[in-house]
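Worksheet for the structure shown next.
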Amino acid sequence: MAKYLLLKHYRGAPSAVNDVPMDQWTPQEVEAHIQYMNDFATRLEGTGEFVDGQALSPEGTFVRSDGEGRPPVTDGPFAETKDLIAGWMVIDVDTYERALALAGELSAAPGAGGKPIHEWLELRPFLGAHPTVTE
Amino acid sequence: MDELLLRELTPSVIGVLVRRGVDFATAEDAVQEALIQAALTWPDRQPADPKGWLVTVAWRKFLDAHRSEVARLDRERRVEVEPPPGPTETKDDTLQLFFLCAHPSLTPTAAVALTLRAVGGLTTRQIAQAYLVPEPTMAQRISRAKRTVSDVRFAEPGDLATVLRVLYLVFNEGYTGDIDLAAEAIRLTRQLASMTEDEETAGLLALMLLHHARRPARTQADGSLVPLTEQDRSRWNTSLIAEGVAVLQKALGRDRLGEFQAQAAIAALHADAQRAEETDWVQIVGWYDELFRLTGSPIAALNRAVAIGEADGAKAGLAALAAVDPGLPRHTAASAYLHEKVGDLATAARLYADAARSAPNLAERHHLTLQAARISQALRG
C-alpha cells in the first residue's frame, strides 16, 4: 500500500474545464456537487482506502521567526497571485494507477449545468517509512 | 453493565480516596484503573454495592501502585512508608472535583479534558476520539493538567462561573465521534445543578436542554444545516423543552439574572412558537438588550440586530447592524439575510457569497453558498 495526497486548489492550478464560480450554480447543482464529494469519501472508507480529508479556509498568513526575543514576522493575507490550497484527501491505495483513477474521478465532480468540473487536482506520493527489508 | 452508573460514581469515588489522604492525581489514576476492571468484570456479575466495590478496587489499585513505589524507594533509601489509613467518607466531594478540574490555573482545553475524565468518568481514548486528536496527545494533555493542579488544596473554595464555562465549551463541541459531548455536558450540568442553588447553573442547564431539544431538526441526514425558521418543529423534543422551561422559570423567579438565563430565555421563546411566524420577536429583542447589558458582547449586539430585523422590519435591522463591528464572524451573513429581506437581492447574493468564503465550518459554507446560488438563480429569472 502507498499513501497519496490529493490536493485541491482555490487558485494556482490550471483552470478547470467547467470553470463557473459555485455561487453562480443553481442550488440543485450545489447540492449535487456536495453529495458527490460525500459519496466519494464514503465509498473510499468502504473500500478501506480513505485515510483523512480536510477543507481549509481561504484565509491565511505567512509567518517567520525574526530572531530570539522578538515577535514573529507575518505577511498576509495571501497575495492574489499565490497558489492557495483549498483542502486535501489522503488515500492509501495499492498502486499509482489506482491513485490516478481516484483523482480523476474526484476531478469529475458535477458543477454548473450538472456537467463535470474537470478541475485539476494535485497528486503527491508520501515519502514512506524506511522498509525493514532492503536487500 | 451500566456504563452510565460507573461514570456517575467516578467523581465521588475519587473524592473518597482524596479524603483518605491520596493526592488527586494518584487517586484519579487508581479510579481509572478500577473503572477499567469494572468494565471487564461487571458484565458477568454486577456487585450489589457498585460504589463500595469501586472504592475497594480503586483503593487496592492505589495500594498496589503505592507498594511498588514504596518498594522502589525502599531499595533506594531503605525507608518504610505506610499507606495512609482512614474511614470511608459518606460526604460527597463531587462539587469539589468540579472546582478542581475547572481551576483557573488550567487552560480551557486542559480543564475540558480533565473534567471529562475525572468528573465525567470517560476514558482517555473516548475523550481523544471525541476531540479528534491522537490518544497519546490527549493522555499528555490530561497528565499535564493534573500536574498543574497538584498543589491546589482539594477543599479550596471554587468558582462556579469557571465550571459553567467549561461545561458550556463541552456542550458546544457537539458530537463528532461515538461520544455525544452535548449529552455528556447536559448530564454533568444536571449533576452540578442538583448540588447548588445557583441561578446561572440552572440557566445553563435550561439553555442546554432547550438547544438539545432542537437538535433532531437542526440538520438533514446528509449533515446540511436547517435554519431555525425552516425547521420541522414537530421534530423538536417536547419533554426536553418542558424540562428546560421549568428549570429556567424557577431560576428567573429568584430574580438574579445572568447571561446563561438570558440566553435560555431567548431559546425558550423560540421553543414556545408552534410555527416560525408566531415567534415573539419583540420579547426576544428585549432579552438581547438584557444580554448585551450583562455581557457587552458584540455577538449579542449582532444577534440583537437580526432580532430587530424580525420585530421591526429588515430596514430597522440593517440600521442596528450598522452599529456593530463588521469584522465580527457572521456579520456578513446577517447583513446578507437582512438585505434579502429588504428586497436588495443583488447585494444579498454578493454578501452571501462573501460570507461563504469566510464561513468557519463546511456546513455553514455549504448553507451560505446555497443561499447565494438560490438568489442568483432568482435574479437570472
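The values are calculated or read from the model by the stated rules, or taken from the named source; none is laboratory data. Note that the structure is a prediction, hence the values are computed from the model and not measured. For neighbour counting, all protein chains shown are included, and Cβ atoms are generated from backbone atoms with ideal geometry for every residue, glycine included. In case anyone asks, the SASA skips ligands and DNA or RNA and just uses the protein heavy atoms, side chains included. Shrake-Rupley method; radii C 1.70, N 1.55, O 1.52, S 1.80 Å.
Dividing the Cα radius of gyration by the Kirkwood radius, what Rg/Rh value follows for chain B?
Rounded to two decimals, Rg over Rh is 1.06.
Based solely on its DSSP helices, what 222 nm [θ] is calculated for chain B when runs of n ≥ 4 H residues each add -39,500 (n - 2.57) and the sum is averaged over all residues, nearest 500 deg cm²/dmol? Mind dumping the intermediate values first?
On the way: 19 runs with 255 residues, N = 381.
Dividing the helical sum by the residues of chain B leaves -21500 deg cm²/dmol.
Across the stretch B:10-20, computed HN-Hα scalar couplings (Karplus, 6.51 cos²θ - 1.76 cosθ + 1.60, θ = phi - 60°) run 3, x, 6, 5, 4, x, 4, 5, 5, 5, 7 Hz from first to last residue, x flagging Gly and Pro.
If the reach is capped at under 14 angstrom between alpha carbons, list the aspartates and glutamates near B:Lys146, excluding any in the same chain fewer than eight residues apart. Qualifying aspartates and glutamates at Cα under 14 Å: B:Asp23, B:Glu28, B:Asp29. Computed on protein heavy atoms with a 1.4 Å probe, the accessible areas place A:His130, B:His339 in the order A:His130, B:His339, largest first. Here's the list of aspartates and glutamates a cross-link from A:Lys115 could span, going by alpha-carbon distance under 14 Å and ignoring same-chain residues fewer than 8 apart: A:Asp19, A:Glu29, A:Glu31, A:Glu105.
Quick one: grab the alpha carbon gyration tensor of chain A, order the square roots of its eigenvalues as a ≥ b ≥ c, and give me rounded if a/c is under 1.5, else prolate or oblate depending on whether a/b is larger than b/c.
Cα axes put chain A in the oblate bin.
For A:Glu119, neighbours were defined as the other residues whose beta-carbon sits under 10 Å from its Cβ, and their charges (Lys and Arg +1, Asp and Glu -1) total 0. The accessible area of B:Glu230, taken with all protein chains in place and a 1.4 Å probe, comes to roughly 130 Å². Computed from point charges on the beta carbon alone (+1 for Lys and Arg, -1 for Asp and Glu), the dipole magnitude for the stretch B:249-361 about its Cα centre is near 260 Debye.
Mean residue ellipticity at 222 nm from the helices of chain A, using -39,500 (n - 2.57) per DSSP H segment of n ≥ 4 over the full residue count, to the nearest 500 deg cm²/dmol?
Value at 222 nm, helices only: -8000 deg cm²/dmol.
Here the Karplus curve 6.51 cos²θ - 1.76 cosθ + 1.60, taken at θ = phi - 60°, turns the phi angles of the stretch B:370-377 into couplings of 5, 4, 4, 5, 4, 6, 4, 5 Hz, with x standing for Gly and Pro. Kirkwood analysis of the protein assembly as shown, using all unique Cα-Cα pairs, places the hydrodynamic radius at 26.9 Å. Contact residues in the stretch A:4-23 by the 20 Å² criterion (accessible area, 1.4 Å probe, full protein complex versus chain alone): A:Tyr10, A:Met22, A:Asp23.
These residues, B:Arg254, B:Arg153, go from largest to smallest accessible area, 1.4 Å probe, as B:Arg153, B:Arg254. Only one residue of B:Pro157, B:Leu228, B:Thr196 has its Cα farthest out toward the positive end of the dipole of the stretch B:142-230, where Lys and Arg carry +1 and Asp and Glu -1 on Cβ, and that residue is B:Pro157. Dipole of the stretch A:36-135 computed with +1 at Lys/Arg Cβ and -1 at Asp/Glu Cβ about the Cα centre; of A:Thr47, A:Ile117, A:Leu106, farthest Cα towards the positive end is A:Ile117. Looking at the square roots a ≥ b ≥ c of the eigenvalues of the Cα gyration tensor of the stretch A:1-53, which shape do they give, rounded for a/c under 1.5, prolate if a/b is larger than b/c, or oblate? Oblate shape, in that a/c is at least 1.5 and b/c is the bigger or equal ratio. Annotation for the stretch A:26-135: chymotrypsin sites (Phe, Trp or Tyr not before Pro) lying in DSSP loop with at most 12 further Cβ atoms inside 10 Å of their Cβ are A:Phe126. Here B:Asp289 sits with roughly 70 square angstrom of accessible surface, probe radius 1.4 Å. Threshold 30 Å², probe 1.4 Å: give the residues of the stretch B:337-381, in number order, that are less accessible with all protein chains present than with their chain alone. The answer is B:Arg357, B:Arg365, B:His366, B:Thr369, B:Leu370, B:Ala373, B:Gln377, B:Arg380.
Of the accessible area of the stretch B:126-245, computed with a 1.4 Å probe over protein heavy atoms only, carbon and sulfur atoms account for 52 percent.
With respect to chain B, whose longest principal axis is taken over its alpha-carbon atoms, helix B:345-357 is tilted by about 20°. Taking other residues whose beta carbon is less than 11 angstrom from the beta carbon of A:Thr74, and scoring Lys, Arg as +1 and Asp, Glu as -1, yields -1. Here the stretch A:70-135 is treated with +1 on each Lys and Arg Cβ and -1 on each Asp and Glu Cβ, and its dipole about the Cα centre works out to around 240 debye. The A-B contact accounts for approximately 1200 Å² of buried accessible area, totalled over both chains at a 1.4 Å probe radius. Sites listed here are GluC sites (Glu not before Pro) in the stretch A:16-64 whose DSSP assignment is loop and whose Cβ has at most 11 other Cβ atoms within 10 Å: A:Glu59.
These residues, A:Ile34, B:Ile375, B:Ile36, go from largest to smallest accessible area, 1.4 Å probe, as B:Ile36, A:Ile34, B:Ile375. Of the residues A:Pro58, A:Thr95, A:Gly69, the one whose Cα sits farthest toward the positive end of the charge dipole of the stretch A:47-119, with +1 on the Cβ of Lys and Arg and -1 on the Cβ of Asp and Glu, is A:Pro58. Tell me the Kirkwood hydrodynamic radius of the stretch B:193-352 in angstroms, computed as one over the mean inverse distance between distinct C-alpha pairs. This gives a value of 16.6 Å. A simple rule links phi to the HN-Hα coupling: the Karplus curve 6.51 cos²θ - 1.76 cosθ + 1.60 with θ = phi - 60°, which for the stretch A:67-82 gives x, 4, x, 10, x, x, 8, 10, 9, x, x, 4, 5, 4, 8, 6 Hz, with x for Gly and Pro. Taking the Cα centre of chain B as origin and assigning +1 to Lys and Arg Cβ atoms and -1 to Asp and Glu Cβ atoms, the resulting dipole is close to 720 debye. B:Arg215 sits with roughly 50 Å² accessible to a 1.4 Å probe, with DNA, RNA and ligands left out of the calculation. Note down the net charge around A:Ala32, summing +1 for each Lys or Arg and -1 for each Asp or Glu among other residues with Cβ under 13 Å from its Cβ. Combined, the nearby Lys, Arg, Asp and Glu give -3.
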